[in-house]
1. Roughly how many Å is it from the Cα centre of region 85-107 to that of region 108-180, as a whole number?
2. What does the charge count around residue 168 come to, taking other residues whose C-beta lies under 13 Å from its C-beta (Lys +1, Arg +1, Asp -1, Glu -1)?
3. Considering only 114, 66, 40, whose Cα is most displaced toward the positive end of the charge dipole of region 9-197, charges sitting on Cβ of Lys, Arg (+1) and Asp, Glu (-1)?
4. Could you size up the charge dipole of the chain around its Cα centre, putting +1 on the beta carbon of Lys and Arg and -1 on that of Asp and Glu, and report it in debye to the nearest 20?
5. On a full-extension model of 0.36 nm per residue, what is the gain between residue 129 and residue 185, subtracting their alpha-carbon distance, rounded to one decimal in nm?
6. Would you calculate a helix-derived [θ] at 222 nm for the chain, using -39,500 (n - 2.57) for each DSSP H run of n ≥ 4 and dividing by the full residue count, to the nearest 500?
7. Can you tell me the relative contact order of the chain? Whole percent, Cα pairs under 8 Å, sequence separation 6 or more.
8. Taking the convex hull of the alpha carbon atoms in region 130-190, what volume per residue do you get, in Å³?
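No lab work stands behind these numbers, since they all come straight from the coordinates. No experiment lies behind these values; they were computed from the predicted model shown. Positions of Cβ are generated from backbone atoms using ideal geometry, with glycine treated the same way; all protein chains shown enter the neighbour counts.
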Amino acid sequence: SPIACGYYYNDFDDFGVSRSYGYKRRHLGHDMMGCTGTPIIAVESGYVEALGWNQYGGWRIGIRSFDKQRYYYYAHLRKDYPFTKSLKIGSIVSAGDVIGYLGRTGYSHNENVNNIETPHLHFGLQLIFDEKQKDGNNEIWVDCYELIRFLYQNRCQTQKTEDGNASERIYQIKDPSVEEYKKRLEKRKKGFIFSLSK
């Protein structure tokens, strides 16, 4: 689940409902109401493709799966400390890693503003079979409600870091897909350096 084990949240199947604010298009994600500061978890291993402020989503993180066919969107993160400090564009994350913290930022042109009444995580899953589908009118967003029900059975346990300001996963795992992706990156890097040296 994108919400850490031991943290309460409330949700319902809100995919496709109309909204009275923000975009005129229907809601293309799944809202999970909870307490500000609740640890947010990566549901699949991948790499950080988007990180930062968006006027609608507030502080948000976008993670692309290694096969590039799934894009996970986590929005309305906490003011002042939205992400795990080590995250940056291109960072590799494993399923179960703490990536950020639930909040209520967004719906503001100004950065770091709480303009959402109820603290919640907007969680979205986009399927990408062609890069042209990434943006525009051809986007394919999935109703995540049943996926969240399934993932609820496998919530990641977290603990506070020593300084008490952040959270981290308790149990580390070695994800073969992460190791494979790192090898491919290293191979690509070596090939690039070799081509430059010719």
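1. 8 Å
2. With Lys, Arg at +1 and Asp, Glu at -1, the net is 0.
3. 66
4. On the way: 28 positive and 24 negative charges, 160 e Å.
Rounded to the nearest 20 debye, it is 760 debye.
5. Difference between extended and current length: 18.0 nm.
6. Dividing the helical sum by the residues of the chain leaves -5000 deg cm²/dmol.
7. Details: 435 pairs, mean separation 45.3, N = 198.
Relative contact order for the chain comes out at 23 percent.
8. 216 Å³
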